[in-house]
Amino acid sequence: MNNTAALPVSFFDNVDAIRKKCASGEIIIFLDYDGTLTPIVATPDLAVLSDEMRGVVRTLAERYKVSIVSGRATDDVKGKVAIDGLFYAGSHGFEIVAPDGAVTINDEAKKIRPIIDEAHAKLQEKLAPIKGALAEHVKYTISAHYRLVADNDFPGFEKIVDEVLGGYPMLRKSHGKKVFELKPKIDWHKGKAVQWILKVLSAGGGAIVPVYIGDDTTDEDAFAVLQEPGFGILVADPPRPSKARYVIKNTDEVKKVLQFFIDAKE
């Protein structure tokens, strides 16, 4: 795995090279949800998939093997996307639901679930006085959102998160877009989940070209594992250093990229 981040290049300026790369094997597509299929919004419940985007993803899934990989709980993102026949990896990959409904949960994360429950209850209680703070239970992780927290309240917000985290040595903190993620201290992440799904989807052998589209720091693990034989597409404006090879600006351009793959199949 190459852990070096560099500034990705424009997807749309490199379509000829991308077509050539995609012709070298079976394309398998992985999609993040928040900030990728839907714009980033004030609170997680407002991130509703548009009918238009759902239609594009459904058409894509009729032509390719498609998986959704999200920090959301699996049942949450599966309910929001509402397309059958996909793999859904939730809680940053700690839980994976196959198209036939079979559920695979990371064994170590399963053991830590009671700790997640306890830490979430404590965090929710301590953050209650801070306006705009949200502690979201994501089944095997906790998302502490501060998008609606005033700037002068942020130091107190982070202090509470760190204090609660200090009582649970089996958990670790990572950063996302206006959110702290409290996760089991386990060698597992979106990249590992993608590798697990790929092993299932490519069991028949043959060359594959996996493609991952995502916008957040948690997607970097997936970008890293797909640098060969596939590639990552970062959703960011302006671009930032990433392990993804290509960059697009926003969810509207995500739609154009998905349409590019649909058209390529036709």
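Calculate the length of the line joining the C-alpha centroid of region 21-79 to that of region 199-266, in whole Å. Here the two parts' Cα centres lie 11 Å apart. Taking 1.002 mPa s as the viscosity and 20 °C as the temperature, the Stokes-Einstein diffusion coefficient of region 107-184 based on its alpha-carbon Kirkwood radius rounds to 174 µm²/s. Cross-link partners of Lys78 among aspartates and glutamates, defined as those whose alpha carbon lies under 14 angstrom from its own and excluding same-chain residues fewer than eight positions apart: Asp32, Asp34, Asp45, Glu95, Asp100. Listed by chain and number, the lysines whose alpha-carbon sits under 21 Å from that of Lys126, ignoring those within fewer than 8 places in the same chain, are Lys139, Lys159, Lys173, Lys178, Lys183.
Every number here is computed from the coordinates shown, using simple stated rules; none is lab data. All of these numbers come straight from a predicted model, not from anything done at the bench.
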